[in-house]
Amino acid sequence: MTKAQNGAIDIGNGLGAFLQAEGSWGYSNAGLVWDSGEALLVDTLFDRELTARMLSEFRRLAPVDEIGTVVNTHANGDHCWGNGLLPNAEIVATKAAAEEMSQVSPAGMRAFLESFDADDPVARYLDAVFGSFDFDDNEVRLPTRCFDGSLTLDVGTKRVELHSVGPAHTLGDLIVYVRDSGTLFTGDIVFVDSHPIVWAGPVSGWIAACDEILSLDVDLIVPGHGPLAGRRHVEMMREYLCYVEREAFVRHEAGMTIREAARDISLSRFERWGEAERIVANVAAVYRELEGGDQTADYTGLTREMACLAEELGLYGLAALAANPKCGGPQA
């Protein structure tokens with residue numbers, strides 16, 4: 001497992017990264033580009049407290065008075081729900097991400113967390129992975145500038161390239177490339193030391209996004225979660241996605257349910273990665289692609305299935321309950 005750093009660090013040439021060593025659910029990374037008194041922030045964080053800490057550390061790192069631009073790499077709350085702390089900044093995202101961001105809010109997340117009975121394995125799981133975050137009083141700012149394809153922004157004399165690579169992890173993923181520094185901020189197209197999660201898919205789209213990254217001249221990668229990375233980490237992410245796609249296809253052909261396939265696929269090659277329960281969502285994404293049609297993920301159902309598998313595996317300190325009736329209903 002890669003050694004993780006924590007907090008804001010100077011990665012050189014007017015670039016910074018805010019890394020959260022935990023790297024697990026909700027503990028995402030952010031980036032900063034600055035030049036000639038101007039600054040661009042890549043992503044905000046899951047709640048006000050985390051975002052405020054990140055901004056405070058970046059202000060000590062970079063000689064700028066104000067961050068003028070925020071780029072949200074995608075719509076998941078741990079990459080955009082701190083936007084409200086930058087009321088004067090231009091918020092940039094893909095059109096697909098902006099639409100998705102308008103559909104999910106911190107208040108909705110809080111209601112979802114509170115919708116399960118205390119003895120429900122989903123409640124225990126959600127408390128384990130999200131219980132340390134505060135979703136109250138988050139003023140969400142939606143994007144003020146949206147685009148499709150690619151967009152280049154100037155930060156002082158620096159050129160910052162935004163490239164849409166979704167749908168993949170979500171419907172509207174983008175990557176942020178500072179070409180003259182050989183540095184890439186990937187959002188959640190790259191996870192390090194943890195299983196990725198395919199919320200939207202298709203998996204083939206995510207593999208294509210990895211191929212696009214591998215075509216770039218990049219020396220340093222700031223992933224969406226986990227420590228600083230390089231080309232080999234993108235190759236590992238691609239390898240994982242291809243493996244899951246191939247193994248899920250075989251089990252779909254054999255008539256296995258998502259639940260059966262997720263437990264049958266060996267993850268021994270990735271045993272040191274965290275969040276192994278995400279295999280459920282990833283298999284489900286492959287099944288949706290194979291079955292065609294306009295199928296969207298059943299987020300509640302997938303969360304229940306991940307909770308049950310996490311409990312079986314003893315993840316997050318969750319002890320498996322024998323014959324848990326709420327994990328034994330109709331199979332996904």
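The values are calculated or read from the model by the stated rules, or taken from the named source; none is laboratory data. On a predicted model such as this, the values are computed, not experimentally measured, just so you know. Every residue, glycine as well, gets a Cβ built from its backbone with ideal geometry; the counts of neighbours run over all protein chains shown.
Considering (1) surrounded by fewer than 21 Cβ atoms within 10 Å (Cβ to Cβ); (2) within 19 Å of the chain's Cα centre (by Cα); (3) in a strand (DSSP E or B); (4) of a type outside the set (Ser, Thr, Tyr), the lone condition that LEU162 does not fulfil carries the number (1).
Please find, within the range 193-213, the residue that is surrounded by the fewest Cβ atoms within 10 Å (Cβ to Cβ) out of those that are among the small types (Gly, Ala, Ser) and in contact with an Asp or Glu (Cβ under 8 Å, 6 or more places away or on another chain). Of everything passing the filter in the range 193-213, SER204 is surrounded by the fewest Cβ atoms within 10 Å (Cβ to Cβ). Being in contact with a helix residue (DSSP H, G or I) (Cβ under 8 Å, 6 or more places away or on another chain), among the aliphatic types (A, V, I, L, M) and outside any helix (DSSP H, G or I) is the filter here; which residues of the range 40-57 pass it? Within the range 40-57, LEU41, LEU45 qualify.
Selection within the range 88-109: residues that are among the charged types (D, E, K, R) and within 21 Å of THR300 (Cα to Cα). The member of this set that is farthest from the chain's Cα centre (by Cα) is GLU99.
Looking at the range 165-200, which of its residues are part of a loop (DSSP other than H, G, I, E, B), of a type in the set (Val, Ile, Thr) and within 14 Å of THR94 (Cα to Cα)?
Listed by number, the residues that qualify are VAL165, THR170.
Condition check ((1) in a loop (DSSP other than H, G, I, E, B); (2) surrounded by 18 or more Cβ atoms within 10 Å (Cβ to Cβ)) across all residues:
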residue: GLU100; (1), (2): no, yes
residue: ALA118; (1), (2): yes, no
residue: ASP127; (1), (2): no, no
residue: GLU139; (1), (2): yes, no
residue: CYS146; (1), (2): no, no
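Within the range 122-153, the set of residues being under 28 Å from GLY274 (Cα atoms), touching a residue at least 60 places away in the same chain (Cβ under 8 Å) and of a type in the set (Asp, Glu) comprises just one member, ASP134.
Of all the residues in the range 199-240, those that are of a type in the set (Ser, Thr, Tyr) and in contact (Cβ under 8 Å) with a residue 24 or more places away in the chain number 2. Residues in the range 248-293 that are among the acidic types (Asp, Glu), within 23 Å of the chain's Cα centre (by Cα) and closer than 19 Å to TRP206 by Cβ: 3 in all.
When ARG60 is evaluated against the numbered criteria (1) loosely packed, with under 13 Cβ neighbours inside 10 Å; (2) in a loop (DSSP other than H, G, I, E, B), which criterion, by number, is the only one it fails? Unmet for ARG60, out of (1) loosely packed, with under 13 Cβ neighbours inside 10 Å; (2) in a loop (DSSP other than H, G, I, E, B): (2).
Rundown of residues vs (1) of a type in the set (Phe, Trp, Tyr); (2) at pLDDT 95 or above, yes/no style:
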| position | (1), (2) |
| --- | --- |
| PHE249 | yes, yes |
| GLY255 | no, yes |
| ALA284 | no, yes |
| TYR287 | yes, yes |
| GLN295 | no, no |
| GLY301 | no, no |
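Determine whether TYR177 is in contact (Cβ under 8 Å) with a residue 40 or more places away in the chain, aromatic (Phe, Trp, Tyr), closer than 17 Å to TRP273 by Cβ and crowded, with 18+ Cβ neighbours inside 10 Å.
no
Examine the range 80-96 for a residue that is among the hydrophobic types (A, V, I, L, M, F, W, C), farther than 19 Å from SER28 by Cα and buried (at least 21 other Cβ atoms within 10 Å of the Cβ), and state whether such a residue exists.
Yes, the conditions are met somewhere in the range 80-96.
Take the conditions (1) modelled with pLDDT under 90; (2) surrounded by 12 or more Cβ atoms within 10 Å (Cβ to Cβ); (3) more than 21 Å from ALA254 (Cα to Cα); GLU275 misses just one of them, which is (1). Applying a threshold of 6 Å to beta carbon distances and a minimum spacing of six or more residues, or different chains, the list of pairs starting in the range 254-279 at a residue that is over 12 Å from SER194 (Cβ atoms) and ending at one that is buried (at least 18 other Cβ atoms within 10 Å of the Cβ) and among the charged types (D, E, K, R) reads ALA261/ARG251; ILE265/GLU247. Being under 22 Å from SER28 (Cβ atoms), assigned to a loop (DSSP other than H, G, I, E, B) and modelled with pLDDT of 95 or more is a description that does not apply to VAL280.
Every condition in (1) β-branched (Val, Ile, Thr); (2) surrounded by fewer than 23 Cβ atoms within 10 Å (Cβ to Cβ); (3) part of a helix (DSSP H, G or I) is met by VAL218 except one, and the failing one is (3).
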